[in-house]
Amino acid sequence: MANSHEEEKLWFGLLNPLYMWIWIALIVLTIVEVIIPEPELIGMEPFDRTFTVVSLIGLALVKTVLVAAYYMHLVGERPAIIPIACAPFLFSIFLTVGLFPYEDDVQVPARYQKVIKAPAAAEGGDDAKAKPTSALEKKANPANEVASLSQPKKENDTK
Amino acid sequence: MTINAPGYLSPLTKEQSESWFRYLMSWFYSGDAKRIGIMYIIFSAFAGFIGMALSIMIRAELATPGLDLMSEEFYMTLPGMHASAMIFFFVIPCYAGFANLILPLQVGAPDMAFPKLNLTAFWILPFAGILAFSGYFLSNAPQFGWTGYPPLSNSVYSPQLGADLWLLAIALVGTSSTMGSVNFLATAFNMRCKGMKIFQLPLFTWSIIVMSFLVLVSTPVLTSAVLMVSLERLFPATFYFFSPQGGGDPILYQHLFWFYSHPAVYIMILPGFGLVNEIIPVFSRKPIFGYKVMVYSMLAISILGFVVWAHHMFTVGIGLNARKIFMFLTMLIAIPTGIKIFSWLATIWGGSLSFKTPFLFSLGFIAMFTIGGLSGVVLAATPVDIQLHDTYYVVGHIHYVLVAGSVMTIFAGVYYYFPKAFGMMLNERLGQIHFWGTTIFINVTFFVQHYLGVKGMPRRYADYDPEFAFLNAVSSYGSFFLAAFQIVFFVNIFYSMKNEKRVGKNPWVDGNTLEWTVDSPPDHHQFHEPPVWTPIERHHGPHSPSAAE
Amino acid sequence: MSIAIGPGEESLGVDNGKLGMWTFLVMDAMTFAGFLAGYARLRWKAPLDGMGQASELVNTVGSTVWPNPYTTFGVIGIQLTAFNTFILICSSVTMVHVLSDVAAGRIKRAEKWCLATMIGGLFFLGIQGYEWTHLMQVWGFFSENAAALPYNQNFVATFLSLTGFHGAHVAVGVMFNTILYLGLRNGKVGKEQYTFVEIAGLYWHFVDLVWILVFTFVYLL
Ligand SMILES: [Cu+2]
């Protein structure tokens, strides 16, 4: 934590070095962040999408760590607090990674393909841009089909 | 008229001792963790009664094939409301009650870290309970089950007002339990008495720490999902998170929901583990086997519990590789759980056992919870789960975990801590009758459901194929007897209250944690001078002193 | 019932309140994680819009492309929101000054810093309110028109829920700071109440921290 005894005389402690350096760093990083998706602002060519995504997330994390470490005083904190502070990062990564819409990348052996093809044929080919999704997920998309899927009540009377 | 009660039950002022109203008010405004704990447990008993009544209605309808007692619409509300009563208003608050009662005593603290927050967390619950169940009085309770999957739960398919109120209630319950958890963590970490190092904490306190951590990390995700559903319901033209009409993703809700609801299973069982951890060494008169391993296995359960949730979603069409990973991780959880089961068995092994009611309930818990755990491993296997998904097998499994697990440990805890909380013993003979009735009829009720599930009887329907009639009748009559035997428990409480059998500080003789060093019931301040915990060497060696008798 | 409730002999070495605030922040962070993870999944499934060009591309889900908030919706230009971010960062730095001044016993000075923090928070809320009213009036969010927008409906939902939930946190933070400010003015908060100031600061910095993530994920990406 910054020692605030020396700069007693300075105007409102504005020159408190550590906090102000972090502040400047945050602002510079924000400016960089704004420029990355719109490089036209300073007359640059647009960046590659992958570069934009990776660098923006990286910069955001750097800013987050700066705020947590210096403004929330994690650097000088008791060691016990640090795992508590880091826990949500870990678990939100679990959450985000886990609910990612994974594609069904099954290699169906040739001898089973006839069996599996039949229902899949009904869905028809999609344009090349569409990401392949699993059969069930695709089926789940039109509104009324989902309704009947998750409404056991409705299914009941067909028995 | 004067109100006379010992310990923390005693009125604080002269006015309170003269008027029941004031005395009751002093409870309602009390910041004393023990009083709040008792209020939690009483509230959860009410909720448990409602949940039981709903489950009796379900079983009554299912006792014979065909729709004979109620309309389909009404039946559709029952499974969800039974589940929400039992999960959100019975098991979780009941454990919060035990934690309030015992945790400050066990760590040697004068009270919880934030008494007012504690009281607020409790008082949210009754209001949330009223909100959740008000649907029945508005004659439109939600019909989408406790999972509330959209699009079934959105404003198109469930336009009931009761559904909105139920969602609000769930968000409130989440808030209440996170407030409680903040409190438990701060108390357990920060208010330990002298000598109570982190690896000296009694295992019940450890289980509450792990549970609070699970609540803190998982419940807000449910809250966010519930808020999203509520927004979708309230502003149907603007918010599309889950509804496919607006390009939303119903599976996203399931991910968010199960990210809470799988850890919720551990929220509902870990404090039970903790209670059993306290009870078994006392009645085996031996120190717990593998204290540190018990702690580490709880931590392992809590971490692993966050990376397995998609095992509830094996049939929604997530990628096969993702399913394989989730299957593997789910099966991995059986290891720390198995470690705990075997450590309890090792604690009992070679002990000089005293078969009092709390110990009987703990033994029944170990035996039956193992069945629930093993059927969980069966369900974790993706190919098997695809077959058994949404059948009565799942119902049987969850009830072996929650009734034979949580409810048995709750009873064990009530019998064990009743002398501490009220200063009098519960009748042993009635307790044993209650135990045998409960244990036998849990098995009668739920064991056949595994078979029904394998044969293909789906859950959540009001009617079924007449082929299943016999086993359903067995299950239904079992559940009626199970409910009937709970009367014994309440009779026991009133009987024991009437024939007060006063007890001393350590009624079970071998209790060696701090709560057994104070009066029963403890004083308002619990410890008259700051307690000091003499670190105990936990070993697998000779028995406790009283075992030599 | 006047028992001193505070850290016991074997505490973690922090105040109860601070530990409580940190554990509360874990919970709050996970709430945002729920919203952000939902955003990530919905966003991932929607087709990309190239570099902010409105396109009529329709994907298999039947939803349209993900709009780019700063080019598509006019007024919520990236500059305005970047300025808003700047304000929140500034109000964060003023908040640490409150803490360091209270620690040093310069209450008058801390009071002014606290006022600056409050104004920063209110300014932020004002700009966000402007954004929202623009979206509601010009683009018809919250009305039947929203469904007719030629953009992905999930954008509307995730944008409003994320910024709205964050805005609610800012509002709570402003209230918290107001309490702190009044306390400083009335002399209720002094050097001894250092921890209270620190707790208020933790909450405020957390709100700032979440905004850094929300700004990046919702506006910039
Ligand atoms: Cu699970």
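Numbers below:
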| item | result |
| --- | --- |
| Some residue of the range B:297-305 being in contact (Cβ under 8 Å) with a residue 24 or more places away in the chain, within 16 Å of B:TRP206 (Cβ to Cβ), assigned to a loop (DSSP other than H, G, I, E, B) and within 12 Å of the ligand (Cβ to nearest atom) | yes |
| Members of the range B:92-146 that are farther than 29 Å from B:TYR417 by Cβ and in a helix (DSSP H, G or I) | B:LEU131, B:SER134, B:GLY135, B:TYR136, B:PHE137 |
| Hits in the range B:315-374 (condition: in contact with a His (Cβ under 7 Å, 6 or more places away or on another chain), not in a helix (DSSP H, G or I) and not hydroxyl-bearing (Ser, Thr, Tyr)) | B:GLY351 |
| Any pair with Cβ under 9 angstrom, 6 or more apart, that starts in the range A:37-51 at a residue that is hydrophobic (A, V, I, L, M, F, W, C) and ends at one that is assigned to a helix (DSSP H, G or I) | A:LEU41/A:VAL34; A:LEU41/A:ILE35; A:LEU41/C:ILE78; A:LEU41/C:GLN79; A:ILE42/A:ILE35; A:MET44/A:ILE35; A:PHE47/A:PRO39; A:PHE47/A:SER55 |
| Qualifying positions in the range B:308-334 - more than 9 Å from chain A (Cβ to nearest Cβ) and away from the ligand (no atom under 16 Å from the Cβ) | B:LYS324 |
| Subset of the range B:215-240 that is without any contact (Cβ under 8 Å) to a residue 40 or more places away in the chain and within 31 Å of the chain's Cα centre (by Cα) - its residue that is farthest from the ligand (Cβ to nearest atom) | B:LEU231 |
| Sole residue being within 16 Å of the ligand (Cβ to nearest atom), touching a helix residue (DSSP H, G or I) at 6+ places or on another chain (Cβ under 6 Å) and closer than 17 Å to B:ILE366 by Cα, chosen from B:ILE279, B:ILE288, B:ILE269 | B:ILE269 |
| Within the range C:1-27, considering residues that are part of a helix (DSSP H, G or I) and facing another protein chain (nearest Cβ under 7 Å), the one farthest from the chain's Cα centre (by Cα) | C:ASN16 |
| All positions within the range B:247-264 that are over 21 Å from A:SER92 (Cβ atoms) and either within 13 Å of the ligand (Cβ to nearest atom) or part of a helix (DSSP H, G or I) (or both) | B:PRO250 |
| Among (1) farther than 30 Å from B:ALA5 by Cα; (2) within 22 Å of the chain's Cα centre (by Cα); (3) of a type in the set (Val, Ile, Thr) - the single one B:VAL448 does not satisfy | (2) |
| Residue among B:PRO110, B:PRO6, B:PRO104, B:PRO65 that is within 20 Å of B:LEU514 (Cβ to Cβ) and surrounded by fewer than 16 Cβ atoms within 10 Å (Cβ to Cβ) | B:PRO6 |
| Filter pass, C:PHE165 being on the phi < 0 side of the Ramachandran plot and within 11 Å of chain B (Cβ to nearest Cβ) | yes |
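None of the figures in this text is laboratory data; all of them are computed from the coordinates on show. It should be emphasised that the depicted structure is a prediction, and the values quoted were computed from it without experimental measurement. Here the Cβ is made from the backbone with ideal geometry for all residues, glycine too, and neighbour counts use every protein chain on show.
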